[in-house]
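Comments concern the structure below.
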Amino acid sequence: AQTVTQSQPEMSVQEAETVTLSCTYDTSESDYYLFWYKQPPSRQMILVIRQEAYKQQNATENRFSVNFQKAAKSFSLKISDSQLGDAAMYFCAYRRASGTYKYIFGTGTRLKVLA
Amino acid sequence: GAVVSQHPSRVICKSGTSVKIECRSLDFQATTMFWYRQFPKKSLMLMATSNEGSKATYEQGVEKDKFLINHASLTLSTLTVTSAHPEDSSFYICSASSGGGADTQYFGPGTRLTVL
(Lines give C-alpha, C1' and ligand atoms only; values in the text may rest on other atoms or scores of the structure.)
Protein backbone atom coordinates (compact mmCIF):
# COMPACT_ATOMS: atom_id res chain seq x y z
CA ALA A 1 0.00 0.00 0.00
CA GLN A 2 1.12 3.50 -0.72
CA THR A 3 2.06 5.82 2.13
CA VAL A 4 3.00 9.48 2.37
CA THR A 5 5.14 10.84 5.20
CA GLN A 6 5.64 14.43 6.25
CA SER A 7 8.18 14.34 9.05
CA GLN A 8 7.99 18.01 10.02
CA PRO A 9 4.84 18.75 12.06
CA GLU A 10 5.73 22.43 12.20
CA MET A 11 8.16 24.80 10.50
CA SER A 12 8.89 28.49 10.89
CA VAL A 13 10.40 30.91 8.39
CA GLN A 14 11.22 34.58 8.49
CA GLU A 15 9.35 36.76 6.06
CA ALA A 16 11.21 37.04 2.72
CA GLU A 17 13.31 33.98 3.50
CA THR A 18 13.19 30.52 1.90
CA VAL A 19 11.82 27.36 3.50
CA THR A 20 11.67 23.74 2.38
CA LEU A 21 8.97 21.32 3.45
CA SER A 22 9.75 17.61 3.24
CA CYS A 23 7.63 14.79 1.90
CA THR A 24 8.53 11.19 1.25
CA TYR A 25 6.32 8.46 -0.12
CA ASP A 26 6.35 4.77 -0.69
CA THR A 27 4.96 3.07 -3.76
CA SER A 28 5.72 0.24 -6.13
CA GLU A 29 4.09 2.08 -9.02
CA SER A 30 6.22 3.69 -11.71
CA ASP A 31 3.67 6.24 -12.85
CA TYR A 32 1.81 8.50 -10.45
CA TYR A 33 1.10 12.11 -9.51
CA LEU A 34 2.25 14.14 -6.55
CA PHE A 35 0.69 17.29 -5.15
CA TRP A 36 1.17 19.95 -2.55
CA TYR A 37 -1.97 21.53 -1.14
CA LYS A 38 -2.18 24.51 1.18
CA GLN A 39 -4.88 24.80 3.84
CA PRO A 40 -5.00 28.29 5.39
CA PRO A 41 -7.06 29.08 8.50
CA SER A 42 -10.17 29.31 6.31
CA ARG A 43 -9.65 25.56 5.77
CA GLN A 44 -10.12 25.85 2.01
CA MET A 45 -7.74 23.39 0.36
CA ILE A 46 -5.76 25.15 -2.37
CA LEU A 47 -3.62 23.39 -4.95
CA VAL A 48 -0.08 24.75 -4.78
CA ILE A 49 1.76 22.58 -7.27
CA ARG A 50 1.58 19.20 -8.99
CA GLN A 51 4.19 16.87 -10.42
CA GLU A 52 3.84 14.01 -12.86
CA ALA A 53 6.20 11.20 -11.98
CA TYR A 54 7.20 10.50 -15.56
CA LYS A 55 8.49 14.04 -15.94
CA GLN A 56 12.09 14.57 -14.92
CA GLN A 57 11.75 18.33 -14.71
CA ASN A 58 10.78 19.75 -11.35
CA ALA A 59 7.49 21.67 -11.32
CA THR A 60 7.55 25.40 -10.57
CA GLU A 61 4.75 27.85 -9.84
CA ASN A 62 6.01 31.37 -9.17
CA ARG A 63 7.61 31.31 -5.69
CA PHE A 64 6.84 27.61 -5.22
CA SER A 65 9.01 24.85 -6.60
CA VAL A 66 9.55 21.19 -5.90
CA ASN A 67 12.58 18.95 -5.68
CA PHE A 68 11.34 15.64 -7.03
CA GLN A 69 13.73 12.76 -6.49
CA LYS A 70 12.00 9.70 -7.92
CA ALA A 71 14.60 7.14 -6.94
CA ALA A 72 14.63 8.42 -3.37
CA LYS A 73 10.83 8.81 -3.37
CA SER A 74 11.14 12.33 -2.13
CA PHE A 75 9.02 15.35 -3.07
CA SER A 76 9.96 18.49 -1.15
CA LEU A 77 8.37 21.92 -1.54
CA LYS A 78 10.47 25.06 -1.59
CA ILE A 79 8.84 28.38 -0.87
CA SER A 80 10.97 31.37 -1.82
CA ASP A 81 10.51 34.94 -0.59
CA SER A 82 8.05 33.77 2.06
CA GLN A 83 5.07 35.99 2.69
CA LEU A 84 2.73 36.27 5.66
CA GLY A 85 -0.03 34.81 3.49
CA ASP A 86 1.95 31.61 3.10
CA ALA A 87 1.21 30.69 6.70
CA ALA A 88 -0.94 27.56 6.54
CA MET A 89 -1.00 23.78 6.81
CA TYR A 90 0.67 22.15 3.85
CA PHE A 91 -0.30 18.66 2.77
CA CYS A 92 1.60 16.42 0.41
CA ALA A 93 -0.55 13.99 -1.59
CA TYR A 94 0.02 11.01 -3.87
CA ARG A 95 -2.24 9.58 -6.54
CA ARG A 96 -1.78 6.57 -8.75
CA ALA A 97 -1.82 7.26 -12.47
CA SER A 98 -4.42 4.59 -13.15
CA GLY A 99 -7.08 2.70 -11.30
CA THR A 100 -8.28 4.40 -8.18
CA TYR A 101 -8.25 8.19 -8.31
CA LYS A 102 -8.12 8.73 -4.60
CA TYR A 103 -5.35 10.68 -2.91
CA ILE A 104 -3.11 9.46 -0.15
CA PHE A 105 -2.38 12.45 2.08
CA GLY A 106 0.49 13.07 4.43
CA THR A 107 -0.13 14.28 7.97
CA GLY A 108 0.68 17.88 7.12
CA THR A 109 3.21 20.52 8.09
CA ARG A 110 2.14 23.73 9.77
CA LEU A 111 4.13 26.64 8.39
CA LYS A 112 4.49 29.81 10.45
CA VAL A 113 5.80 32.95 8.81
CA LEU A 114 7.46 35.41 11.17
CA ALA A 115 7.32 39.12 10.43
CA GLY B 1 -11.83 27.88 -13.20
CA ALA B 2 -12.35 24.61 -11.29
CA VAL B 3 -14.53 25.96 -8.51
CA VAL B 4 -16.29 23.67 -6.08
CA SER B 5 -18.91 24.92 -3.66
CA GLN B 6 -20.36 23.35 -0.55
CA HIS B 7 -23.56 24.12 1.26
CA PRO B 8 -24.11 24.77 4.08
CA SER B 9 -20.82 26.08 5.43
CA ARG B 10 -21.98 25.49 8.99
CA VAL B 11 -24.80 23.44 10.42
CA ILE B 12 -25.92 22.71 13.96
CA CYS B 13 -28.42 19.95 14.54
CA LYS B 14 -29.91 17.93 17.34
CA SER B 15 -28.86 14.39 18.04
CA GLY B 16 -30.95 11.90 16.08
CA THR B 17 -31.72 14.15 13.14
CA SER B 18 -30.34 13.88 9.61
CA VAL B 19 -28.26 16.48 7.84
CA LYS B 20 -27.61 16.86 4.12
CA ILE B 21 -24.49 18.54 2.73
CA GLU B 22 -24.30 19.51 -0.93
CA CYS B 23 -21.19 19.64 -3.08
CA ARG B 24 -21.33 21.31 -6.49
CA SER B 25 -18.80 21.74 -9.25
CA LEU B 26 -19.58 25.16 -10.70
CA ASP B 27 -17.58 25.31 -13.91
CA PHE B 28 -16.74 21.76 -14.86
CA GLN B 29 -18.32 18.33 -15.00
CA ALA B 30 -17.28 16.24 -12.03
CA THR B 31 -17.28 12.60 -12.99
CA THR B 32 -15.80 11.71 -9.64
CA MET B 33 -16.36 13.32 -6.27
CA PHE B 34 -14.77 12.56 -2.95
CA TRP B 35 -15.93 13.10 0.60
CA TYR B 36 -13.46 13.66 3.41
CA ARG B 37 -13.66 14.18 7.11
CA GLN B 38 -11.09 16.28 8.96
CA PHE B 39 -10.55 16.33 12.69
CA PRO B 40 -8.91 19.37 14.33
CA LYS B 41 -5.25 19.71 13.40
CA LYS B 42 -5.35 16.45 11.50
CA SER B 43 -5.08 15.40 7.91
CA LEU B 44 -8.00 14.64 5.63
CA MET B 45 -9.56 11.22 6.00
CA LEU B 46 -11.22 9.90 2.85
CA MET B 47 -14.71 8.60 3.56
CA ALA B 48 -15.92 7.63 0.11
CA THR B 49 -15.51 8.06 -3.62
CA SER B 50 -18.54 8.59 -5.79
CA ASN B 51 -18.89 8.38 -9.54
CA GLU B 52 -21.81 9.98 -11.30
CA GLY B 53 -24.67 7.57 -11.72
CA SER B 54 -23.22 4.73 -9.68
CA LYS B 55 -22.98 3.71 -6.05
CA ALA B 56 -20.30 5.24 -3.88
CA THR B 57 -17.26 3.28 -2.80
CA TYR B 58 -16.74 3.62 0.93
CA GLU B 59 -13.44 3.37 2.76
CA GLN B 60 -12.95 0.69 5.34
CA GLY B 61 -14.58 1.58 8.62
CA VAL B 62 -17.03 4.10 7.19
CA GLU B 63 -20.66 3.18 7.78
CA LYS B 64 -22.55 3.20 4.50
CA ASP B 65 -25.95 3.42 6.14
CA LYS B 66 -24.91 6.35 8.27
CA PHE B 67 -23.18 8.41 5.61
CA LEU B 68 -25.37 8.27 2.52
CA ILE B 69 -23.79 9.59 -0.64
CA ASN B 70 -25.66 10.40 -3.82
CA HIS B 71 -23.98 11.59 -7.03
CA ALA B 72 -26.99 12.07 -9.24
CA SER B 73 -25.54 14.50 -11.75
CA LEU B 74 -22.19 15.61 -13.12
CA THR B 75 -22.27 18.73 -10.97
CA LEU B 76 -23.83 17.62 -7.69
CA SER B 77 -23.05 15.15 -4.95
CA THR B 78 -24.72 15.03 -1.57
CA LEU B 79 -23.65 13.57 1.75
CA THR B 80 -26.42 12.82 4.24
CA VAL B 81 -25.45 12.11 7.82
CA THR B 82 -28.33 10.04 9.14
CA SER B 83 -29.33 9.90 12.79
CA ALA B 84 -26.46 12.19 13.69
CA HIS B 85 -24.75 11.90 17.07
CA PRO B 86 -22.25 14.20 18.80
CA GLU B 87 -19.36 11.99 17.65
CA ASP B 88 -20.29 12.84 14.06
CA SER B 89 -19.41 16.46 14.73
CA SER B 90 -16.55 17.29 12.40
CA PHE B 91 -15.41 19.24 9.36
CA TYR B 92 -16.55 17.62 6.13
CA ILE B 93 -14.86 18.47 2.84
CA CYS B 94 -15.77 17.42 -0.67
CA SER B 95 -13.59 17.47 -3.74
CA ALA B 96 -14.26 16.93 -7.41
CA SER B 97 -12.34 15.68 -10.37
CA SER B 98 -13.32 15.59 -13.99
CA GLY B 99 -12.23 11.97 -13.99
CA GLY B 100 -10.70 9.88 -16.71
CA GLY B 101 -7.11 10.94 -17.03
CA ALA B 102 -7.62 14.08 -14.99
CA ASP B 103 -5.49 13.86 -11.91
CA THR B 104 -6.27 16.94 -9.88
CA GLN B 105 -8.95 17.20 -7.24
CA TYR B 106 -10.52 20.58 -6.55
CA PHE B 107 -11.82 21.08 -3.07
CA GLY B 108 -14.90 22.72 -1.65
CA PRO B 109 -14.62 25.12 1.29
CA GLY B 110 -15.91 22.54 3.77
CA THR B 111 -18.88 22.20 6.11
CA ARG B 112 -18.62 22.33 9.87
CA LEU B 113 -21.17 20.01 11.43
CA THR B 114 -22.00 20.31 15.12
CA VAL B 115 -24.37 17.78 16.63
CA LEU B 116 -25.81 18.74 20.00
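The values are calculated or read from the model by the stated rules, or taken from the named source; none is laboratory data. As the structure is a computational prediction, the values presented were derived from the model and not from experiment. Please note: Cβ atoms are built from the backbone with ideal geometry, for glycine as well, and neighbour counts cover all protein chains shown. Heads up: the accessible areas ignore ligands, DNA and RNA and are worked out on the full protein's heavy atoms, side chains in. Shrake-Rupley method; radii C 1.70, N 1.55, O 1.52, S 1.80 Å.
Remark: mean inter-chain Cβ contacts per residue of A:93-104 equal 4, using a 10 Å Cβ-Cβ cutoff to other protein chain atoms. On chain A, 46 percent of the accessible area sits on carbon and sulfur atoms, based on a 1.4 Å probe. Here the protein assembly as shown is treated as a sphere whose radius is the Kirkwood value from Cα pairs; by Stokes-Einstein at 25 °C and 0.890 mPa s it diffuses with a coefficient of 134 µm²/s.
Heavy-atom accessible area buried between chains A and B is around 1700 Å² (1.4 Å probe, both sides summed). Of the peptides A:51-58, B:83-90, the ranking by mean beta-carbon count within 10 Å, highest at the top, reads B:83-90, A:51-58.
Solvent exposure of chain B, expressed per residue, is 48 Å² of accessible area, with all protein chains present and a 1.4 angstrom probe. All Cα-Cα separations within chain B were binned at 5 Å from zero, giving a P(r) of 2, 13, 23, 26, 20, 10, 4, 1, 0, each value a whole percent of the pairs.
When the residues B:LYS20, B:LYS14 are ordered by accessible surface, computed with a 1.4 Å probe over the protein chains alone, the sequence from largest down reads B:LYS14, B:LYS20. Across the options B:VAL62, A:TYR25, A:LEU47, the greatest Cα extent toward the positive end of the charge dipole of the protein assembly as shown (unit charges at beta carbon of Lys, Arg, Asp, Glu) belongs to B:VAL62.
The mean number of partner chain beta-carbon atoms within 10 angstrom of a residue's beta-carbon across peptide B:65-73 is 0. Which one of A:ALA59, A:ALA71, A:ALA97 has the biggest mean-square fluctuation once chain A is modelled by GNM with Cα springs under 10 Å? The residue that fluctuates most here is A:ALA71. Across the options B:PHE34, A:ASN58, B:THR111, the greatest Cα extent toward the positive end of the charge dipole of the protein assembly as shown (unit charges at beta carbon of Lys, Arg, Asp, Glu) belongs to B:THR111. Centroid-to-centroid, using Cα positions, segment B:1-33 and segment A:40-115 are 25 Å apart.
Rolling a 1.4 Å probe across the protein heavy atoms gives chain A an accessible surface of 48 Å² per residue. Over 32 Å apart at the Cα level, from the set A:LYS70/B:LYS55; A:LYS73/B:LYS42; A:LYS38/B:LYS20, are A:LYS70/B:LYS55. Taking the 1.4 Å solvent-accessible surface of chain B as the whole, the part contributed by carbon and sulfur is 52%.
Figure legend: label point modelled 7 angstrom from the Cα of A:SER30 along Cα→Cβ; residues of segment A:84-104 with amide N under 16 Å from it are A:97-98. The slack between A:GLU10 and A:ARG110, meaning 0.36 nm per residue of separation minus the straight C-alpha distance, is 35.5 nm. Within the listed set B:THR32, B:THR75, B:THR57, the residue fluctuating most in the Gaussian network model of chain B (springs between alpha-carbon atoms under 10 angstrom) is B:THR57. For the pair A:ASN62 and B:LYS42, label points projected 7 Å from Cα toward Cβ lie 3.3 nm apart.
Inter-chain neighbour count for B:28-38: the average number of beta-carbon atoms from partner chains within 10 Å of each residue's beta-carbon is 1. From the Kirkwood radius over Cα pairs of chain A, Stokes-Einstein at 10 °C and 1.306 mPa s returns a whole-number translational diffusion coefficient of 112 µm²/s.
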